[in-house]
1. At each listed q (0.17, 0.18 Å⁻¹), what is the log10 of I(q)/I(0) that the Debye formula gives for segment 27-86 modelled as equal alpha-carbon point scatterers?
2. Tell me, what HN-Hα J-couplings in whole Hz come from the Karplus equation 6.51 cos²θ - 1.76 cosθ + 1.60 at θ = phi - 60° for each residue of segment 23-28, using x for Gly and Pro?
3. For segment 30-74, which GluC sites (Glu not before Pro) pass both filters: DSSP loop (anything but H, G, I, E, B) and at most 16 other C-beta atoms within 10 Å?
Amino acid sequence: MELSNSEFLPLAISYLETKESVKIPLKGYSMRPFLESERDYALLGKPHAPIVGEPVLVLLPDQRWVLHRIVKVEGENLTLLGDGNFLPEYCKVSDIKASIIGFYRKGRNTIDRVDGKKWKIYSFFWTRLYPIRRYLLFIYRGYLKIFIQHKWPESLKPKSMRK
């Protein structure tokens, strides 16, 4: 059974009210290139005070769910930007439904914590590449198309794309 984000995420958030954390599959492409839809998982925790640079799960005023990075905090107003997006989105602190503890990437069973060294290094460099991210993402998407459209031997595919 497959549920849309608008059906599944309210269930996950209600479950989070009684638990410490909830692991959810990612669906969408706004956090590329580090997180991939239907491959990676996020570990959600209860919301806390917003911190610039941290990813959060938000229900936007137009009722869309997004998992984006906080890029600016001005009182109760937040500016968010997905790593794979070019335009920011805006919300209130009260729209944050979950903080992100970390991510399970590329089929691994170990978590990449957002407060860990690896995630902070990724974040440091990626956020500073904002002026040229459009071009880097174009190259990245082209790389994915090559491996998806062609019948490459399994040994030549990136590990994340092998069966």
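Since every read-out is calculated from the coordinates, none of them should be taken as a lab result. Every value quoted in this text rests on a predicted model; they were computed, and no experiment measured them. A quick note on method: Cβ atoms are made from the backbone with ideal geometry, for glycine too, and the neighbour counts reach across all protein chains shown.
1. With one equal scatterer per Cα and no solvent, log10 I(q)/I(0) is -0.58, -0.65.
2. Taking θ as phi minus 60°, the curve returns 9, 10, x, 8, 9, x Hz for segment 23-28.
3. On the way: sites: Glu36, Glu38, Glu74; in loops: Glu36, Glu38.
Taking segment 30-74 and a limit of 16 other Cβ atoms within 10 Å, the loop GluC sites (Glu not before Pro) found are Glu38.
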